[in-house]
Amino acid sequence: MAARGPRFIAIPAIPQGSLNDWQFNTLTAMKENIELLTGARGVTNDVRAIVTGQVTLPNPAAQTMTRVTAQGNGFTIGGVIVPSLEDHGKLIQDVQQLSNDVANLQATVNTLINQLRG
């Protein structure tokens, strides 16, 4: 679950009295953009900014597969090359480690996506 976002203080209305048009329009646009980014304006989170404190995801687990242990060893039987039982077992173990690593990374990415969505 994502952490609650920070609380931002509302920006007061900009008085036009002592400002010329370009100053007033610039400050008003900046105020509106800041309010959109902080979530103070609008009804959706489509443009709300994410701050680092909202992402509480730990680093992914260390990768278990760091090298391929299968060597490609085998035998030729009747003109057909077949892997050795030992090498076949190593390949199965390599594929399982890789599959676990991918599953761990996918879980991390899914958690990150959910936290970013808020």
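The values are calculated or read from the model by the stated rules, or taken from the named source; none is laboratory data. As the structure is a computational prediction, the values presented were derived from the model and not from experiment. Positions of Cβ are backbone-derived with ideal geometry, glycine not excepted, and every protein chain shown enters the neighbour counts.
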**Fill in**
When the range 35-62 is checked residue by residue, the ones that are farther than 12 Å from Leu116 by Cβ and in contact (Cβ under 8 Å) with a residue 24 or more places away in the chain are Glu35, Thr38, Gly39, Ala40, Gly53, Pro60, Ala61
**Request:** Count, please, the residues in the range 73-99 that happen to be exposed (fewer than 13 other Cβ atoms within 10 Å of the Cβ) and either in contact with a helix residue (DSSP H, G or I) (Cβ under 7 Å, 6 or more places away or on another chain) or assigned to a strand (DSSP E or B) (or both).
**Result:** 7
**Message:** Name the single residue that is farthest from Leu91 (Cα to Cα) among those in the range 18-71 being of a type in the set (Gly, Ala, Ser) and out of contact with any helix residue (DSSP H, G or I) (no Cβ under 7 Å at 6 or more places or on another chain).
**Reply:** Ser18
**Asked** Hey, does the range 42-59 have a residue that's acidic (Asp, Glu) and more than 30 Å from Thr111 (Cβ to Cβ)?
**Response** no
**Only one of Asn73, Asn59, Asn33 that is at pLDDT 85 or above and under 21 Å from Pro12 (Cβ atoms)** = Asn33
**Prompt:** For the range 1-30, which residues satisfy the criterion of being at pLDDT below 85 and within 18 Å of Arg41 (Cα to Cα)?
**Reply:** Arg4, Gly5, Pro6, Arg7, Phe8, Ile9, Ala10
